[in-house]
Amino acid sequence: MARTRQDRRNDFDDFYGTAKETFKAFRDNDPNAEKFERIYMLSVCPGSRAGGDNNRVVEVFWGSRPFETITLGNSWKALSEYGATLLFERDDSGFVIISIYPAGTENKKPIESSISLRLWIDPIRLKDKSFLKKQWNDLMAYMECTSLDGNPTLWQRLRISYLRNFKHLVIDNKWTPTKFSVSISRIRDLVVAACFSGAVLIYFVNITTKPKTTETDTQLKEVNKNLTNVSNKLDKIYIGNYELKMISITTDSIAVKTKEILKTIEKRKAK
């Protein structure tokens with residue numbers, strides 16, 4: 001039986017109700033999360049951090065912290081850093097988009113404002129703890145790679161590099177195609193251009209290397225043409241002589257018959 005929009009909404013509501021317990025358990029069982037917990041503290045906010053009344057959103061994020069103060073004349077300013085965020089958002093059809101947002105400061109942040117981890121998935125998958133653990137691992141890798149005091153492992157660096165190349169990025173508030181798909185399109189365009197250039201080159205090579213007619217060839221063709229004309233004229237003369245011969249034979253036959261008729265007339269007169 002096909003799942004309905006209400007089925008998907010119910011599954012998201014179930015996730016909404018258990019999100020705090022689930023992600024705090026992940027934090028407690030992750031040794032790498034301890035240092036971030038001391039500095040930033042993890043927050044799990046069903047309903048979003050802005051009031052907590054949006055039942056279509058669940059946010060999991062590391063908080064903010066001051067890291068330095070600077071003096072501006074007679075005043076001073078505290079510089080702060082905000083942590084990475086994992087966002088679950090349900091759309092009108094009940095499907096879920098999962099995104100991560102980087103850590104950063106006012107002066108230091110990556111070019112992307114977010115990475116789309118999953119697009120329009122069925123929220124029934126949010127009941128799978130192993131699936132949610134993968135999203136937690138991506139949040140931790142992004143936090144290690146983008147925070148000031150992060151110390152990412154090789155695996156975490158490779159994971160974020162993979163996400164940046166094979167997932168959709170949001171840059172300047174615009175959802176962009178994956179870098180991988182852009183590279184494939186460029187390679188395809190280069191291959192098409194190379195094939196077209198090769199075809200044009202082969203065409204011009206064939207044109208430029210085509211054998212040219214020499215002066216001797218021209219003279220031979222002219223001689224052959226003249227011989228053909230002479231042969232045609234001789235054939236016409238032969239045909240003409242044949243026709244004249246046939247006329248002569250016909251004339252002689254008429255003369256003989258005329259003489260016979262005259263002889264017959266004379267014989268009748270004599271009688």
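Values quoted throughout were computed directly from the atomic coordinates according to the rules given, and no laboratory measurement underlies them. From a predicted model like this one, the values you see are computed outputs, not experimental measurements. Here the Cβ is made from the backbone with ideal geometry for all residues, glycine too, and neighbour counts use every protein chain on show.
The modelled label-to-label distance between VAL191 and LEU72, using points 7 Å beyond Cα along the C-beta direction, is 5.5 nm. Amide H contacts for GLU81 (H built 1.01 Å from N in the peptide plane; partners 5 or more residues away or on another chain; cut-off under 5 Å): ARG65, PHE67. Extension gain for ASP53-MET41 works out to 2.2 nm (0.36 nm per residue, less the C-alpha to C-alpha distance).
Counting every other Cβ atom within 10 Å of each residue's Cβ, MET143, MET1 order from fewest to most as MET1, MET143. The protection proxy used here, the mean number of other Cβ atoms lying within 10 Å of each residue, ranks peptides 176-188, 88-100, 63-75 as follows, highest first: 88-100, 176-188, 63-75. Each of ASP28 and ASP7 was given a label point 7 Å from its Cα along the Cα-to-Cβ line. The distance between the two points is 3.4 nm. Say the cut-off is 20 Å between C-alpha atoms; which of LYS134/LYS167; LYS108/LYS167; LYS109/LYS174; LYS108/LYS134; LYS24/LYS133; LYS35/LYS167 go over it? Violating the 20 Å limit, Cα to Cα: LYS108/LYS167; LYS108/LYS134; LYS35/LYS167. Packing, taken as the mean count of other beta carbons within 10 Å per residue, orders the peptides 147-159, 11-23 from highest to lowest as 11-23, 147-159. Cα centroids of segment 72-92 and segment 123-180: 19 Å apart.
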